[in-house]
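J.: Take this structure, written in structure tokens, and hold onto it; I'll ask about it next.
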């Protein structure tokens, strides 16, 4: 998904049509998306590792709304639009709606990250001589 796609999904969550994009400055939305990308970065890497994929080395940055963060699809579709919707509602002084969307964002961010399984080293075991 591109930044514009995530933006349209966020607008849909708030009940606004895509024609409402003009209500918010693209530079502001782009900045908000880049903040959300930073917040989601470690969770996306956990999911990648759990799937046997190499984690991303650097945090992506969107330069234009038609850029894609390149994250796992579930984060771009299920998590990031809620985060953006929360910020948009906050900028409109809709604090109740902002809180709702932020809770959905935080919940999806946490639940979409899968655990990375590995061996546990017994650091308290007896020394073998």
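The values are calculated or read from the model by the stated rules, or taken from the named source; none is laboratory data. The structure displayed is predicted, hence computed values, not measured ones. Using ideal geometry, Cβ is built from the backbone for each residue, glycine included, and neighbour counts are taken over all protein chains shown.
J.: Does any residue in the stretch 107-128 that is within 17 Å of residue 48 (Cβ to Cβ) come within less than 9 Å, Cβ to Cβ, of a residue that is modelled with pLDDT of 85 or more and exposed (fewer than 12 other Cβ atoms within 10 Å of the Cβ) six or more places away or on a different chain, and which pairs are these?
T.: Short answer, once both residue conditions are applied: 114/51.
J.: Determine if the stretch 6-21 includes at least one residue that is under 30 Å from residue 118 (Cα atoms), buried (at least 21 other Cβ atoms within 10 Å of the Cβ) and at pLDDT 95 or above.
T.: No, because not a single residue in the stretch 6-21 is under 30 Å from residue 118 (Cα atoms), buried (at least 21 other Cβ atoms within 10 Å of the Cβ) and at pLDDT 95 or above.
J.: Is it true that some residue in the stretch 48-58 is closer than 21 Å to residue 103 by Cβ, within 17 Å of the chain's Cα centre (by Cα), surrounded by 12 or more Cβ atoms within 10 Å (Cβ to Cβ) and in contact (Cβ under 8 Å) with a residue 24 or more places away in the chain?
T.: no
J.: Quick test of your reading of the structure: residue 60 fulfils all but one of (1) under 25 Å from residue 8 (Cα atoms); (2) assigned to a helix (DSSP H, G or I). Name the failing condition by number.
T.: (2)
J.: Take the stretch 64-97 and flag every residue that is within 20 Å of residue 44 (Cα to Cα), touching a residue at least 24 places away in the same chain (Cβ under 8 Å) and assigned to a loop (DSSP other than H, G, I, E, B).
T.: 67, 68, 69, 71, 72
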